Every structure is written in structure tokens, then in C-alpha cells.
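For reference, the structure discussed in these notes is given below.
The values are calculated or read from the model by the stated rules, or taken from the named source; none is laboratory data. Quantities reported herein were computed from a predicted structural model and do not represent experimental measurements. Cβ: placed from backbone, ideal geometry, glycine included. Neighbour counts: every protein chain shown. Areas reflect the complete protein model, heavy atoms only, side chains present, ligands, DNA and RNA absent. Shrake-Rupley method; radii C 1.70, N 1.55, O 1.52, S 1.80 Å.
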Amino acid sequence: MADTTESAAPALAGRLQALGEAVRQALPHGTIESIAVERGQELVLHVRREGLVETMLLLRDGADFAFEQLMDLCGVDWPEQPERFEVVYNLLSLSLNQRVRVIARTDAATPVPTVSAIWPNATWYEREAWDMYGIVFAGQTDLRRLLTDYGFEGHPLRKDFPLTGYVEVRYDEERKQVVYEPVTLTQDFRNFDFLSPWEAMTTLPGDEKVHLNRIEGPKPQGTNP
């Protein structure tokens, strides 16, 4: 079985590479920046931000692609790069049993075109990416906070966002309402690296019995060679 899987891997990688090349040829020159087959079984297309909508329409409506479903949309933050954000789209074709990952890059100020008109479920995913990373989606009319509240400042999944946040929430008994206050820590943040109970336990109750003298029974008499 292992030999069969290993022999099928190059064929799968070749088929995915050909699929990516077919997408590249069907789009204007330069729309697809790169094609990769990761781990031999995942097709990844890096797309120019300006050609994202055209690419997505082709992937959905092209007979050779037929990616009817947007399974997921998420963000990745690379703060050391000029275009620090990657917007990742995972598409599925049920009719052709194939998947593709499309990635477009942007920075904190430049919007990415929305794909909510192509896949309506993208609205929720784009709202989440805006809430967590601050990625702006041009044409998205419902770009509101999704996981944080409406008064939240900042975007929690940016790698330069402080672990403690900026404000803390508590219920004020006197004012009978929830209040926001600057974060106050009783001590500086420390990272404790304790041993696990299994690593720290060097002796167990009853180990002392090992060191007690035991009464040995008579040894069997053997014959000398």
C-alpha cells in the first residue's frame, strides 16, 4: 500500500501543476505570480491583488476548474515584510474533487477586493479578517467587528499587538454597567517554565522498599560442568 501511495504522489503533483498552469494561461499575463504544489498534494496560487476577482470568477465558472465553494478565508501576518498580510482563500470543487489555495498580499492600508459577490459566505470571513488583522476589503458593505466588541481598539491577531491588550473590562457595581479601563498588571509578565509532574517527580512513595534487605530463598543446586 505504501508503494502504491508513493508511486501516485508524482502523478498527483504533476496533475496539480498542470491545473495551475491552465489557470495561468486562462488569465492575463502577470495575474498569477507563482504556482506551487506544497507537500506534493496542495496546489497554491499566488495572485496579484488587482486580478483577484477575475481569478476567482474563472475558478468558479471555468468548466475545468468548477470551484463552487469557498471553504475558508483567513489572514496571515508577516510584519517584517512591506506587504505584511496574506489573504488566503481555500476553494473546493465537489464536482471535480479538487482543491486550490489562492493567496493575495496587501499592506495595512491597501484594500483587497471583496469576493462576497462570488461567494456570499465570504462576508463573515472578511469581517473576521478585518476584526482580527485589520485587512480592508474594498466593496464589502458590512465590514463590522465580528469577534470583538464595537469599541475595541486594534486587531488582536497582528503579531505586534501586545499580549495583554490595551484595555480590560470589568463590571462596576456602583455604576451598574460594564466599564473599560487601561490594563493594570499586579506584576510584570513572566514566563514560567516548570517541569511537568512526571519530570519533577524523582521518587515515589514505596521506592524505599527497593533498598531493604530481602530474604532470599535457597538457590537451586546445579551440577558442575
Could you list all residues from the stretch 121-151 that are of a type in the set (Phe, Trp, Tyr) and either touching a residue at least 12 places away in the same chain (Cβ under 8 Å) or in a strand (DSSP E or B) (or both)? Trp124, Tyr125, Trp130, Tyr133, Phe137
Only one of these conditions is not met by Ala13: (1) modelled with pLDDT of 95 or more; (2) assigned to a helix (DSSP H, G or I); (3) surrounded by 16 or more Cβ atoms within 10 Å (Cβ to Cβ). Which number is it? (1)
Any idea which of Val169, Val179 is open to solvent by 60 Å² or more (accessible area, probe 1.4 Å), in a strand (DSSP E or B), out of contact with any Leu (no Cβ under 8 Å at 6 or more places or on another chain) and over 30 Å from Glu42 (Cβ atoms)? Val169
Across the stretch 20-36, what is the number of residues that are open to solvent by less than 40 Å² (accessible area, probe 1.4 Å) and not in a helix (DSSP H, G or I)? 6
Within the stretch 38-57, take every residue that is part of a strand (DSSP E or B) and open to solvent by less than 40 Å² (accessible area, probe 1.4 Å) and give me the one that is farthest from Arg101 (Cα to Cα). Val47
Has the stretch 73-96 got any residue that is over 22 Å from Ala122 (Cα atoms), in contact with a Leu (Cβ under 7 Å, 6 or more places away or on another chain) and touching a residue at least 24 places away in the same chain (Cβ under 8 Å)? no
For the stretch 58-71: of the residues being open to solvent by less than 50 Å² (accessible area, probe 1.4 Å) and not small (Gly, Ala, Ser), which is farthest from Ala22 (Cα to Cα)? Leu70
